[in-house]
1. If I ask for residues that are in a helix (DSSP H, G or I) and surrounded by 19 or more Cβ atoms within 10 Å (Cβ to Cβ), which ones from segment 231-251 would you list?
2. Based on this model, can you work out whether A261 counts as at pLDDT 95 or above and surrounded by fewer than 16 Cβ atoms within 10 Å (Cβ to Cβ)?
3. Only strands (runs of 3 or more DSSP E) wholly contained in segment 95-182 count here; list those with 1 or more residues that are touching a residue at least 24 places away in the same chain (Cβ under 8 Å) and within 22 Å of A276 (Cβ to Cβ).
4. Can you find a residue in segment 82-92 that is part of a helix (DSSP H, G or I), loosely packed, with under 15 Cβ neighbours inside 10 Å and modelled with pLDDT of 95 or more?
5. In segment 266-281, what count of residues is obtained for those that are in a strand (DSSP E or B) and in contact (Cβ under 8 Å) with a residue 40 or more places away in the chain?
6. Working only within segment 46-74, note down all residues that are closer than 26 Å to S3 by Cβ and surrounded by 17 or more Cβ atoms within 10 Å (Cβ to Cβ).
7. Going by the conditions given, is R277 of a type outside the set (A, V, I, L, M, F, W, C) and closer than 19 Å to R95 by Cα?
Amino acid sequence: MKSLLETLTAGAGYLEKNGVDEARLNMEHLLAHVLGCRRLDLYLRHGETLHEHDLARLRDLTKRRATGEPLQHLLGTVDFLGHELVSDQRALIPRPETEYLCDLLIRDRRVEPPARVLDMATGSGCIGLTLAAAWPDSRVVLADVSEEALDLARLNAGRLGLGRVRIVRSNLFDKITGDFDLIVSNLPYIPRAEIAGLSREVRRDPVLALDGGPDGLDLVRRFLDAAPAHLGGDGEIALEVGDDQGAVVAALATAQGWREARTRPDLAGIERFVLARAPLRPSETGAQAA
């Protein structure tokens, strides 16, 4: 029988041969998942051997990972700013860039959280639920066009004890009522022609959560056009966009009358986040002119 270390090394080699990035790390996560321990605990157990039922389960997971099934789907959950969220094929896998956007918003509004928050195109609920957990006095609404995604968001809301959030099925703002102080969204922004060239793992995400139209910005344009009607006078939006889209989206927002449109970088220095304040309403424009 092979030791745990030998099993880990052999599995990592197999994943690497099958084109899996960070093969050793992936194998460590899979092995820790099978054994029900922390990944760091593996280093104290290198000399152990696996029981046959654990080994059989590990083989199955390793083969599935080698074919491109995302690690998060195999593990069933993902850590998102300290919250354990269920992750599966019903919605986009929560990513570190989105996690960082949530962290930025929470830190920026530590003193005065927004009273009314909308997470548009919520998917797994990662953004809205994280903000709801950080701002217990805020009224938070999660919206998505996909009923499957909303089922996943409901599951995650229940797991986190956030039954107070409101969940709405809506094609962008079609079914949204009332004003908000902050609307956050990670809309689909991949240009349609580029989807086929994405990694095996990303292509396991729902196409609905990826396809942003010919240039990737179809839904972003619709969002910028419709969102002002659902913001209070000084309300703000925060969007996550693609690697090369930040400046373009900020310019689009400015051209449509959004105020203080600006970009913020992610941890890699990419201007990925676009923030802007609601355009002045006609009554406010007239008052300023007077």
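The values are calculated or read from the model by the stated rules, or taken from the named source; none is laboratory data. All values derive from a computational prediction rather than experimental measurement. Cβ atoms come from the backbone with ideal geometry, glycine included; neighbour counts cover every protein chain shown.
1. Let us first name the residues in segment 231-251 that are in a helix (DSSP H, G or I), namely 246-251.
Matches in segment 231-251: G246, V249, A250.
2. So A261 does not fit the description; no.
3. Qualifying strands (runs of 3 or more DSSP E): 116-120, 139-144.
4. No.
5. Of the residues in segment 266-281, the ones in a strand (DSSP E or B) are 271-277.
Adding the requirement that they be in contact (Cβ under 8 Å) with a residue 40 or more places away in the chain leaves 272-273, 276-277.
Number satisfying all stated conditions: 4.
6. Result: L50, L58, L61, T62, R65, A66, L71, L74.
7. It is false that R277 is of a type outside the set (A, V, I, L, M, F, W, C) and closer than 19 Å to R95 by Cα.
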